[in-house]
Amino acid sequence: MTRATRFCAAALLLLAAFAGPAWAAGAKETENPSEQPMNRTFTWLNFALVAGAGAVAIGKYGPAYFRGRAGAIASAMAQAASAKAEAGRRLAEAEAKLERLEEEVAALRETAQRHAADEGERIRKLTREEVEKVARAAQTEIESAERAARMELKAEAARLAVARAEALLSREMTAKTQEEAFQAFVAGLPGRAN
């Protein structure tokens, strides 16, 4: 509490203390009519003293107190105005961000779609390359299996040809035919050079 406030409170308490008995006395009907005008005089005198003290106190301390209150109210109003201006600025920033938000979301969506398309193309390219590698490997394996099968077929054909020739020779080859073949072989040896 400020000093002026305490003083005003004390003055009001004194006023109440002195005015209370005066009002109570005025309200009572006294039995002695000769005392009644005097009683009223003291009541008014008491009231005048208390009211005068209150007026002096208000006159002395009131202007400073009210100036201080007015300054505090003006300061609070200035702070409120600056807070309102700051809130307005923040609101404008928030609204601007909100307006840009849709644009940013659209840009992000477009970027994501572009990245997804690029990624899809990259995956398709890798898949094509892998398919080509698998096809080449399969072709190589088929060619290798074909060569192996041909060699096996040739070996089987040679074995069958030898077996057939052996069977044919054993049927047609007699001791006389063997002797003639041997003689022809030996006769052809000198003409062959190693």
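Quick one: is GLU102 loosely packed, with under 10 Cβ neighbours inside 10 Å and within 22 Å of the chain's Cα centre (by Cα)? Steps first, please.
Values: loosely packed, with under 10 Cβ neighbours inside 10 Å: yes; within 22 Å of the chain's Cα centre (by Cα): yes.
Against the criterion (loosely packed, with under 10 Cβ neighbours inside 10 Å and within 22 Å of the chain's Cα centre (by Cα)), GLU102 qualifies.
I want to confirm something. Restricting to the stretch 37-90 and keeping residues that are polar (S, T, N, Q) and either at pLDDT 90 or above or not in a helix (DSSP H, G or I) (or both), which single residue is nearest to the chain's Cα centre (by Cα)?
At the first step, the residues of the stretch 37-90 found to be polar (S, T, N, Q) are 39, 41, 43, 46, 75, 79, 82.
Those still in the list that are either at pLDDT 90 or above or not in a helix (DSSP H, G or I) (or both) too: 75, 79, 82.
Values: SER75: 41, GLN79: 35, SER82: 32 Å.
Selected residue: SER82.
Which residue out of ARG159, ARG164, ARG136 is surrounded by 10 or more Cβ atoms within 10 Å (Cβ to Cβ) and under 60 Å from the mean Cα position of the chain (by Cα)? Walk me through it before giving the result.
Values: ARG159 fails: under 60 Å from the mean Cα position of the chain (by Cα); ARG164 fails: under 60 Å from the mean Cα position of the chain (by Cα).
Answer to the selection: ARG136.
Kindly indicate whether ALA74 is surrounded by 10 or more Cβ atoms within 10 Å (Cβ to Cβ) and under 29 Å from THR2 (Cβ atoms). Let's see the steps before the verdict.
Values: surrounded by 10 or more Cβ atoms within 10 Å (Cβ to Cβ): yes; under 29 Å from THR2 (Cβ atoms): yes.
It is true that ALA74 is surrounded by 10 or more Cβ atoms within 10 Å (Cβ to Cβ) and under 29 Å from THR2 (Cβ atoms).
Go through ARG171, ARG150 for me and flag whichever is at pLDDT 85 or above and in a helix (DSSP H, G or I). Break it down into steps so the answer makes sense when it comes.
Working: ARG171 fails: at pLDDT 85 or above.
That would be ARG150, the only listed residue that is at pLDDT 85 or above and in a helix (DSSP H, G or I).
The values are calculated or read from the model by the stated rules, or taken from the named source; none is laboratory data. The shown structure was predicted, so the numbers you read here are calculated from the model rather than taken from an experiment. With ideal geometry, Cβ positions are generated from the backbone for all residues, glycine too; neighbour counts draw on all protein chains shown.
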